[in-house]
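Chemist: Dropping the structure in here first, questions after.
The values are calculated or read from the model by the stated rules, or taken from the named source; none is laboratory data. Just so it is clear, the structure is predicted and the values come from calculations on it, not from any experiment. Using ideal geometry, Cβ is built from the backbone for each residue, glycine included, and neighbour counts are taken over all protein chains shown.
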Amino acid sequence: MPFLHASRTLLAVALLGALGATSAWAQATDMSNGEIRKIDKATSKITIKHGEIKNLDMPPMTMVFQVRDASLLDKAKTGEKVRFTAELKEGAYVVTALEAAP
């Protein structure tokens, strides 16, 4: 029996480590869905009509976000369905990742 307990503990630690090391996986599961309404490359801002943003406890709405990296806007197109992550940084809502919805 001690061997079985040790094996389960080792398996649990390995699984938790693998999940913790896979930040891309965690990020993908926390992404919100939306549709791009406007892109303003000059000010590095994007308007998104979005569903719930769970990490911000925000209901669905349309709003303007800043983008962390202006290059996120290079491939973005108005009307495109997207998945994105956003954070509240220094009083502003900022898109930190943006990809076309599958």
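Chemist: Which condition does ASP30 not pass, out of (1) more than 14 Å from VAL95 (Cα to Cα); (2) modelled with pLDDT under 95; (3) among the charged types (D, E, K, R), if it passes all the others?
Modeler: Every listed condition holds for ASP30 apart from (1).
Chemist: If a residue must be without any contact (Cβ under 8 Å) to a residue 12 or more places away in the chain and not in a strand (DSSP E or B), how many such residues does segment 44-68 contain?
Modeler: 3
Chemist: Specify which of the listed residues (ILE48, ILE53) is modelled with pLDDT of 95 or more, under 12 Å from the mean Cα position of the chain (by Cα), among the β-branched types (Val, Ile, Thr) and under 13 Å from ASN33 (Cα atoms).
Modeler: ILE53
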